[in-house]
Amino acid sequence: DAGVTQSPTHLIKTRGQHVTLRCSPISGHKSVSWYQQVLGQGPQFIFQYYEKEERGRGNFPDRFSARQFPNYSSELNVNALLLGDSALYLCASSVSHNQPQHFGDGTRLSIL
Amino acid sequence: AQSVTQLGSHVSVSEGALVLLRCNYSSSVPPYLFWYVQYPNQGLQLLLKYTTGATLVKGINGFEAEFKKSETSFHLTKPSAHMSDAAEYFCAVSGNGAGSYQLTFGKGTKLSVIP
């Protein structure tokens, strides 16, 4: 079975630009969460979606937004990119909101 | 609010020696606890989890962890380290209730295995 897939794997942007990251969950998983992992740190929770509704939001500015589609895939959007947004962005899926999350390999975003 | 503290950002052990990675948590509700491993340039792989029931949980690759409520700890152990265990390990807590949708991670412990 395919795991969580994320695209693109790497991305380079400049300050002020906008970026869209994509995630396809494991088949049958209805919950998708997004995490930001800055180099040398643990992942930090950004969003969780379950059944296409936002179920949780971490301490991130409004420049960060996300949505979940009817097929349970998800997009993370970041506007007005800052140098500090450089990180590995991880998507995780789970069957429901309180089941173990399975992570993709992430999108590495570099801001120049 | 929940938090996780991992003692030791870097741990080195000899091949064949005991691995002990420490994790302490803070949670206002009964926690779900997890250990994840991350290899370079990869995502996180679940090693083991504690939700309810038996406090000693066994995971993949010979790892196990024991939930000790009185000590608010969930330390990860493996009797004999293998070279392939070299990676970064993250302890995480998830609330068992309204906030159960969110994992709070520690800062990670990088494990080196010396031949």
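The values are calculated or read from the model by the stated rules, or taken from the named source; none is laboratory data. Note that the coordinates shown come from a computational prediction; the quantities given were computed from them, not determined experimentally. When we count neighbours, we look across all protein chains shown, and the Cβ atoms used for this are built from the backbone with ideal geometry, even at glycine. Areas reflect the complete protein model, heavy atoms only, side chains present, ligands, DNA and RNA absent. Shrake-Rupley method; radii C 1.70, N 1.55, O 1.52, S 1.80 Å.
Numbers at a glance
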{"item": "B:H82-A:L11 pseudo-label distance in nm [points 7 Å out on the Cα-to-Cβ vector]", "result": "3.6"}
{"item": "Local net charge near B:V57, Cβ-Cβ under 11 Å (Lys/Arg +1, Asp/Glu -1)", "result": "0"}
{"item": "Where a label projected 7 Å from the Cα of B:T72 along Cα→Cβ would reach, residues of the range B:18-53 with amide N under 11 Å", "result": "B:24-29"}
{"item": "Cα pair count fraction exceeding 31 Å, expressed as % - the protein assembly as shown", "result": "21"}
{"item": "Proportion of all alpha-carbon pairs of the range B:1-45 beyond 14 Å (%)", "result": "65"}
{"item": "For the range B:1-100, accessible area per residue (1.4 Å probe, heavy atoms of protein chains only), Å²", "result": "47"}
{"item": "Taking the C-alpha atoms of chain A, convex hull volume expressed per residue in Å³", "result": "93"}
{"item": "The range A:1-41 and the range A:51-112: distance between their alpha carbon centers, rounded to Å", "result": "6"}
{"item": "P(r) weight above 23 Å for chain B, C-alpha pairs, percent", "result": "23"}
{"item": "Cross-link reach list, lysines versus A:K52, counting only Cα pairs under 25 Å and skipping chain neighbours closer than eight places", "result": "A:K30"}
{"item": "Among B:S73, B:S28, B:S12, residue whose mean-square fluctuation peaks in a GNM of chain B (springs only between Cα atoms under 10 Å)", "result": "B:S28"}
{"item": "Relative contact order [Cα under 8 Å, 6+ residues apart], chain A, whole percent", "result": "37"}
{"item": "Per-residue mean of C-beta atoms belonging to partner chains within 10 Å, peptide B:58-66", "result": "0"}
{"item": "Two-site FRET efficiency, B:A1 against A:N71, from Cβ-Cβ distance with R₀ of 30 Å, rounded to 0.05", "result": "0.30"}
